[in-house]
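The values are calculated or read from the model by the stated rules, or taken from the named source; none is laboratory data. Predicted model, so just to flag it, every value in this text is computed and none were measured. Quick reminder, even Gly has a Cβ in these numbers, built from the backbone with ideal geometry, and neighbours come from all protein chains shown. The protein model used for the area step is the full one, side chains on, heavy atoms only, and it has no ligands, DNA or RNA in it. Shrake-Rupley method; radii C 1.70, N 1.55, O 1.52, S 1.80 Å.
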Amino acid sequence: MFIIIHCIDTSVSLTALGFQNTTMHFVTEFVLLGFPGQREMQTFFFFLILVVYLLTLLGNGAIVCAVKWDRQLHTPMYIFLGNFAFLEIWYISSTVPNMLVNILSDTKTISFTGCFLQFYFFFSLGTTECFFLSVMAYDRYLAICRPLHYPSIMTGKFCVILICVCWVSGFLCYPVPVVLISQLPFCGPNIIDHFVCDPGPLFALACIPAPSTELICYTFNSMIIFGPFLSILGSYTLVLRAVVCFPSRAGRTKAFSTCGSHLMVVFLFYGTLMVMYVSPTSGNPAGMQKIITLIYSAVTPLLNPFIYSLRNKDMKDALKKVLRLRINQN
């Protein structure tokens, strides 16, 4: 359906640009080149990414189970963390399975519709992650800066509302960019030098320049990235001011430890995200863009459970309980 509408809508503009006597063949699939190299190197990439994927599922799945089964973790902070871990499972699953199939494939093709579906889910889940990081920063601000009011503000109902807003808002943000880019005329080369369907390579394959669409998408990405990021910075600036005024050293240490893991995830995720989608990347080689994308799409979801669990005593105790429970059941 996308392709039929696409052909009809662009026929007039292409004719106006001087394609009257040219037979146009519109793209029905794309080729994702993925990672270059000989068969041995491809096999190495396959097993490396497979191990990363399985460890990510195991680590984040363990956090989800720990939060679900341990009643001591039924607090807003850990409920947010459990939802965040659940989100990471879907986030990495939106690209890695197709990436693994693509590595072993000889054709390395993905359908037109499949490409834009991957585009939508990958960026929608990434946007949801931005919102969750912002909400988790706000939760830490309330817990540290307004501890007496925290129970009355961060109630169970309000916690559920924030979680629903993150999920719904994340999936409502990207239909417009996806539709705009999918309506561009793709009638020439269909090779994407990447392992995911990314806006940059898609714009490069369009038959006609689309500066207005590029500007809209660039502005849209900047707003989605900087909005939550500035919110996070604001929350932690207030947290830092409050922590410095703590009378006891033990209290300052505990507060920094609680927020340290969250900040590590924020800087790792947002650092690579801004380099890729906010700073000018047209001059960056395709290999560098692949590495940056791999970091925030696969490495960050892998590291999150280790960062949170290894720096949090309650989470480590809960994971041990879950492990003992599973061993005893078997």
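Points to keep in mind about this one:
- Filter result for the condition that a residue is crowded, with 19+ Cβ neighbours inside 10 Å and either at pLDDT below 75 or touching a Phe, Trp or Tyr at 6+ places or on another chain (Cβ under 6 Å) (or both), over S297, S282, S309: S309
- Residues within the range 174-187 that are open to solvent by 30 Å² or more (accessible area, probe 1.4 Å) and either closer than 30 Å to A143 by Cα or touching an Asp or Glu at 6+ places or on another chain (Cβ under 9 Å) (or both), tallied: 1
- Failed item in (1) outside any loop (DSSP other than H, G, I, E, B); (2) modelled with pLDDT of 85 or more; (3) surrounded by 14 or more Cβ atoms within 10 Å (Cβ to Cβ), with L273 passing the rest: (2)
- Hits in the range 188-205 (condition: in contact (Cβ under 8 Å) with a residue 24 or more places away in the chain and among the aliphatic types (A, V, I, L, M)): I191, I192, V196, L202, L205
- Residue check for L215: assigned to a helix (DSSP H, G or I) and in contact with a strand residue (DSSP E or B) (Cβ under 8 Å, 6 or more places away or on another chain): no
- Just one of (1) touching a residue at least 24 places away in the same chain (Cβ under 8 Å); (2) over 30 Å from N190 (Cα atoms) fails for F122. It is (2).
- Pairs are defined by a Cβ separation below 7 Å, a sequence spacing of at least 6 or placement on different chains, a first member in the range 316-330 that is of a type in the set (D, E, K, R), and a second member that is modelled with pLDDT under 75; the pairs so defined are K316/S309.
- The range 34-66, subset more than 15 Å from N102 (Cβ to Cβ) and among the small types (G, A, S), residue surrounded by the fewest Cβ atoms within 10 Å (Cβ to Cβ): G61
- When the range 211-264 is filtered for residues that are open to solvent by 90 Å² or more (accessible area, probe 1.4 Å), of a type outside the set (F, W, Y) and farther than 27 Å from F171 by Cα, the ones remaining, listed by number, are R241, V244, C245, P247, R249, K254.
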